[in-house]
Amino acid sequence: MSRIGKLPISIPASVTVTQANNMVTVKGPKGEMSQHVDPSIKVNVADGQIVFEVDENSPVNIKQKQAFHGLYRSLINNMVVGVTEGFQRELELIGVGYRAQLQGKNLVLNVGYSHPVEFTPEEGVEIEVPSNTKVIVKGYDKQKVGELAANIRGVRPPEPYKGKGIRYVDEFVRRKEGKTGK
């Protein structure tokens, strides 16, 4: 049995969870999300909790069942947290002349290229720019927030010599020593 999969998920009062034919739907104040669950995992929604159990009679091998047990528990827990609190990733731009700005909902980055780089957020994800060197990506879907933040970082990842680039706020960039003369 998966140690993570055994843990029940408590359902807050503002969230409704429904389950029908291997689909779990979570609806809350920030949005609504659905997740397909493998038939080898039983989902029980009762008494303000979601409990996951492994179906011993399914033809899937035991290692795969254990992996699914923890996976679907984590995915649905992220859905519950997302529709109540939401997720966010903070990025910072480090470099001379590097700046970010919002044009409508779109993020426009000037990071040393001959052209500005533009990002349009998907539905359920929003971008904030509190200062011209800081970008905050917010949303209720953890995967979409992480993917957009990773795409923004991928435009100009931090380099190890001067530390210039786009990085997460909590990211540590290991610095290298430059060339030495004779």
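So what is the relative contact order of the chain, in percent, for Cα pairs below 8 Å that sit 6 or more residues apart? Don't skip to the answer; put the middle values down first.
Details: 340 pairs, mean separation 32.5, N = 182.
Relative contact order for the chain comes out at 18 percent.
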Using the Karplus curve 6.51 cos²θ - 1.76 cosθ + 1.60 with θ = phi - 60°, work out ³J(HN,Hα) for each residue of segment 116-127 in order, rounded to whole Hz, and write x for Gly and Pro. x, 9, 10, 10, 10, x, 6, 5, x, 10, 10, 10
Could you work out the pair-distance distribution P(r) of segment 5-119 from its alpha-carbon pairs, with 5 angstrom bin width and percents rounded to whole numbers? 2, 10, 17, 16, 11, 8, 8, 9, 9, 7, 3, 1, 0
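Run the helix sum for the chain: -39,500 (n - 2.57) per DSSP H stretch of 4+ residues, divided by residue count, reported at 222 nm to the nearest 500 deg cm²/dmol.
Numbers: 3 runs with 41 residues, N = 182.
When only DSSP H runs of four or more count, the value is -7000 deg cm²/dmol.
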Computed about the Cα centre, the charge dipole of segment 1-148 from +1 Lys/Arg and -1 Asp/Glu charges at the Cβ has a magnitude in debye, to the nearest 20, of 280
Net lengthening on full extension, I4/Q103 (0.36 nm per residue, minus Cα-Cα): 31.4 nm
Through the Karplus equation 6.51 cos²θ - 1.76 cosθ + 1.60, θ set to phi - 60°, convert the phi angles of segment 63-69 into ³J(HN,Hα) values in whole Hz; use x for Gly and Pro. 4, 5, 4, 5, 5, 5, 4
Using the heavy atoms of the protein chains alone and a 1.4 angstrom probe, what is the accessible area of the chain per residue in square angstrom? 61
Carbon and sulfur %, accessible surface of the chain computed with the full protein complex present, 1.4 Å: 48
Spin-label model distance (nm) - T120 vs A67, 7 Å beyond Cα toward Cβ: 3.7
Cα-Cα over 31 Å, subset of K65/K105; K6/K144; K142/K176: K65/K105; K142/K176
Charge dipole of segment 102-182 about the Cα centre (unit charges at C-beta), most positive-ward option of T120, T180, P160: T180
³J(HN,Hα), Karplus 6.51/-1.76/1.60, whole Hz, each residue of segment 108-113, x for Gly, Pro: 10, 10, 10, 10, x, 8
Between E53 and E171, how many nm apart are label points set 7 Å from Cα along the C-beta direction? 4.4
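The values are calculated or read from the model by the stated rules, or taken from the named source; none is laboratory data. Bear in mind the structure is a predicted one, so any value in this text is a computation, not a measurement. Glycine gets a Cβ as well: all are built from the backbone with ideal geometry, and neighbour counts include every protein chain shown. Each accessible area value is taken on the protein alone, full model and side chains, heavy atoms only, with ligands, DNA and RNA left out. Shrake-Rupley method; radii C 1.70, N 1.55, O 1.52, S 1.80 Å.
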